[in-house]
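I have placed the structure first, in the form of structure tokens, so that the comments after it can refer back to it.
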Amino acid sequence: MKKLLVLLFSIFLLSSPTVFADDISDFEIEGISIGDSLLDYMTEDEILLDIEQTKNHYSYLNEPNKYAEVYSNIKLDNNFTTFDYLSFYVKNNETNNYITNKNEKFTILGIRGIIRYVEDFESCMQKRDEIVEILSKMFPNEQKTKVFFEHALDPSGNSFVYEISFAFDLGGEIEAECIDFEETFRIKNSYTEGLTVGISYEEIKSWLSDY
């Protein structure tokens, strides 16, 4: 049975450090797992429209169009219980036209759940650390990495990411991070900021790190 990542916020898991998983596809964010088809939640037209809208989000990467990010204007049976919105990573249609099977073309390779903490960095870090404490109990043997780095989108070097991740031996990772944009830059670009909890296959992590 899949373990709901949303339950990281519950007292149950805080007192149950014996909950383990060998594969990140065992986890869900708001009922959605990596490996699912995004077509189960959005139409192809909705997906393609959002890919067009986000096509320049990763222009700083060496292969910016290898994958695409789709944001969730998704109307599920139930509203999201924990996150303000989700985003999904899929193979980019334009660079993967050889894939003819729609379900394969829109396979979810990574999911991010986002909670807005605009100009409230302290609360973001507090929630991140609560989640990391739970993850540390769930995965005591997985490689845990803590990093602090400049956000690649801000050329001024005044926007930062505070990330803690857990790498799985079978590939992929779970991460929790707080993004703190420099305020003028954030407002100018209409960005939000706050907490992100993500699960992804190794190929997405490698792609995002290649710049």
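The values are calculated or read from the model by the stated rules, or taken from the named source; none is laboratory data. All values reported here derive from a predicted model rather than from experimental measurement. Here the Cβ is made from the backbone with ideal geometry for all residues, glycine too, and neighbour counts use every protein chain on show.
Listing for the model above:
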{"item": "Lone unmet requirement of (1) touching a helix residue (DSSP H, G or I) at 6+ places or on another chain (Cβ under 7 Å); (2) of a type in the set (Lys, Arg); (3) modelled with pLDDT under 85 for Lys75", "result": "(1)"}
{"item": "Among residues of region 129-152, those that are touching an Asp or Glu at 6+ places or on another chain (Cβ under 6 Å) and of a type outside the set (Val, Ile, Thr), counted", "result": "0"}
{"item": "Out of Ile174, Ile134, sole residue that is more than 23 Å from Phe88 (Cα to Cα), among the β-branched types (Val, Ile, Thr), in contact (Cβ under 8 Å) with a residue 40 or more places away in the chain and buried (at least 16 other Cβ atoms within 10 Å of the Cβ)", "result": "Ile134"}
{"item": "Region 187-204, subset free of Cβ contacts under 8 Å to residues at least 60 places away in the same chain and not β-branched (Val, Ile, Thr), residue surrounded by the fewest Cβ atoms within 10 Å (Cβ to Cβ)", "result": "Ser190"}
{"item": "Pair list, Cβ under 6 Å, 6 or more apart: region 106-125 residue closer than 20 Å to Thr81 by Cα and touching a residue at least 24 places away in the same chain (Cβ under 8 Å), other residue acidic (Asp, Glu) and surrounded by 13 or more Cβ atoms within 10 Å (Cβ to Cβ)", "result": "Ile114/Asp84; Ile115/Asp84; Arg116/Asp84; Val118/Glu193"}
{"item": "Selected residue [charged (D, E, K, R), more than 18 Å from Gly35 (Cβ to Cβ) and in a helix (DSSP H, G or I)] from Glu122, Glu177, Glu203", "result": "Glu122"}
{"item": "Count - residues of region 153-170 that are small (Gly, Ala, Ser) and farther than 24 Å from Glu130 by Cα", "result": "2"}
